[in-house]
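Each remark here refers to the structure printed beneath this line.
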Ligand code: PHE
């Protein structure tokens, strides 16, 4: 019985090994480098996936036009994870085991990068998240990198901004937080905001939570508005943020909303109601205020290629791909451990979103921008240097 079970176990253990050996052989003959991106191409965060895919695609096309790297062209394979963390893990598995991906780009949402990242880490395939900002994402392991800032920074930027905000000549002192309880991003960003705002002497009058997919928020909002916050921090994603704003306005709230990069979608102003005009959020890139020639060229080429303006997601997707390609070039090969080491050694890489250096925690130290929501666009408001 014992022996039997052991032989079944060893057969199971050998199965993935032998299939990865086959993939390994295939790899050696390929004249392309496979880049696997896992993104939410459908569902309530589809805008995240689409913008990021466009940015990555633009980078791949530019790289290939210049001849690729190591004499090979890049081939981009995109898997839709539908914004679901179980799907994210399967998508990364498929990209590596079936498509032979040698580097993984993704995800946007931190909860999904946490689950997809565990798969990449286990298989020793380097992953570069363009835009997942939760601190824990790169803690998954030494194969996981990102090219964006992290939420302790983003949260403190917005808390400072809130504390300095004047509404009708009055300084903001009372703020409320409305966060997505099931999202690593939202809870982490809420924490960072809360801590800094308190340290600066501000008063948190209420904190409520919702869940992704909720469509009614009045119960939480009416309790919150009774405490008379002068501003509401909503560290969520655009779909819920838009609905929350509509309900809060219906309940009579007239103050600004504040948020983080999860707001970055044209859906925020591409609605008839404009309930968020005059609100502010933090991001890593302002398309109307690029800070380098690479950023300027990116904005121009993106508009020409896709017929609409780029956003922060697209710019970070573009940079994630360029950073991965640069690491492969410096590694002189596509083997996971070599590319991982080259990624870790990334210093002063000139991307569209600024200069990227990877630190010992595999994070990028980046500055932030605050964007204002206008009638039909986001407008650059202010830049905040990394601390
Ligand atoms: N930073 C968000 C997260 O970690 C994702 C995001 C980035 C969304 C940039 C929009 C723009 O979940």
Only one of 117, 43 that is within 16 Å of the ligand (Cβ to nearest atom), closer than 28 Å to residue 213 by Cβ and in contact (Cβ under 8 Å) with a residue 40 or more places away in the chain: 43
Would you please name the residue that is modelled with the lowest pLDDT, looking only at residues in the stretch 164-189 that are in a loop (DSSP other than H, G, I, E, B) and farther than 17 Å from residue 205 by Cα? 168
Output the qualifying pairs, or none if there are none: Cβ atoms under 7 angstrom, residues six or more apart or on different chains, first residue in the stretch 259-278 and more than 24 Å from residue 131 (Cα to Cα) and outside the structural domain of residue 54 (by TED's automatic domain parsing), second residue within 15 Å of the ligand (Cβ to nearest atom) and not in a loop (DSSP other than H, G, I, E, B). 271/242; 277/373; 278/373
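Hey, among 386, 360, 314, which residue is farther than 17 Å from residue 125 by Cα, part of a loop (DSSP other than H, G, I, E, B) and touching a residue at least 60 places away in the same chain (Cβ under 8 Å)?
386
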For the stretch 232-275, what are the residues that are in a loop (DSSP other than H, G, I, E, B), touching a strand residue (DSSP E or B) at 6+ places or on another chain (Cβ under 8 Å) and either within 14 Å of the ligand (Cβ to nearest atom) or under 20 Å from residue 107 (Cβ atoms) (or both)? 234, 235, 236, 237, 260, 264
Assuming residue 229 fulfils every condition listed in (1) away from the ligand (no atom under 16 Å from the Cβ); (2) in a loop (DSSP other than H, G, I, E, B); (3) surrounded by fewer than 21 Cβ atoms within 10 Å (Cβ to Cβ) apart from one, which condition is it? (3)
Would you tally the residues in the stretch 90-110 being surrounded by fewer than 24 Cβ atoms within 10 Å (Cβ to Cβ) and within 16 Å of the ligand (Cβ to nearest atom)? 0
Looking at the structure I just gave you, is residue 286 within 13 Å of the ligand (Cβ to nearest atom), in a loop (DSSP other than H, G, I, E, B), surrounded by 16 or more Cβ atoms within 10 Å (Cβ to Cβ) and touching a residue at least 40 places away in the same chain (Cβ under 8 Å)? yes
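The values are calculated or read from the model by the stated rules, or taken from the named source; none is laboratory data. All values derive from a computational prediction rather than experimental measurement. Note: ideal-geometry Cβ built from the backbone for every residue, glycine included; neighbour counts use all protein chains shown.
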